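Worksheet: the structure to be examined is printed underneath.
The values are calculated or read from the model by the stated rules, or taken from the named source; none is laboratory data. Source: prediction; values computed, not measured. Cβ placement follows ideal geometry from the backbone for every residue including glycine, while neighbour counts extend to all protein chains displayed. Just the protein is used for accessible areas: all its heavy atoms, side chains included, with ligands, DNA and RNA removed. Shrake-Rupley method; radii C 1.70, N 1.55, O 1.52, S 1.80 Å.
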Amino acid sequence: LFDAVSIALSRIDDIELDSHIRMADFFEWVVAAAPGLGYSEDEVQDALIRAKERTTDMALESSPIFTALRNLLDGKRNTFLGNATKLLLALERQLSDDPPRGWPTSPKALGDQIRRLVPDLRRKGIEAIFIKNGRKWRITRLEEE
């Protein structure tokens, strides 16, 4: 462990990452320490990216609203614009059964859930923006490149 820290300290200033990610400082430190841990930089970067993808998938799969939101966007030409009350009603129409456990019971609870999911939704190609002056949500499935 001390060898890895020593190697990371000597290499940290030379590490340049390709993209901006959350926890970039941690990412840089792990990449800098990779040789001291017996891994290549590429192996560590790939492992961290896969771990982040799994975390995103788990967050969305555990969300009671994600499937309904995705289905809503499919039926609305990839875009929804409206207040949280309208969004909650639209999402409830996507349900085939009773609401799942953790389903938001108010527009405020829905807004709170969406705010927590914004980074994960973005990684899956869905942008959720709250327009404060109009008190509306704009949720859009982004075009795949």
Taking a cut-off of 15 Å, what percent of all Cα-Cα pairs in the stretch 60-145 are separated by more than that? 54 percent
Which cross-chain or sequence-distant (5 or more) residues have an amide H under 5 Å from the amide H of Trp137, H modelled 1.01 Å from N in plane? Gly82, Asn83, Ala84, Ile131
With the cut-off at 24 Å, report for the chain the share of all Cα pairs above it, as a whole percent. 46 percent
Rounded FRET efficiency, nearest 0.05, which uses the C-beta distance separating Met58 from Glu16 and R0 of 30 Å: 0.50
Which loop GluC sites (Glu not before Pro) in the stretch 2-68, with loop taken from DSSP, have no more than 16 other Cβ atoms within 10 angstrom of their Cβ? Glu16
Inter-site label distance for Glu41 and Arg77 at 7 Å from Cα along Cβ, in nm: 4.6 nm
Nitroxide proxy distance, nm - points 7 Å out along Cα→Cβ at Thr105 and Arg93: 2.5 nm
Share of accessible surface on carbon and sulfur in the chain, whole %, 1.4 Å probe and ligands ignored, is 50 percent
Computed about the Cα centre, the charge dipole of the chain from +1 Lys/Arg and -1 Asp/Glu charges at the Cβ has a magnitude in debye, to the nearest 20, of 1480 debye
Relative packing of 114-122, 63-71, 132-140, which averages over residues the other C-beta atoms within 10 Å, highest first: 63-71, 114-122, 132-140
Kindly express, to the nearest 10 degrees and within the range 0 to 90, the angle between helix 2-11's C-alpha long axis and the longest C-alpha principal axis of the chain. 80 degrees
Rolling a 1.4 angstrom probe over the protein heavy atoms, how many square angstrom per residue are accessible across the chain? 69 Å²
Full-extension gain between Arg135 and Asp25, please, as 0.36 nm times their residue separation minus the C-alpha to C-alpha distance. 36.1 nm
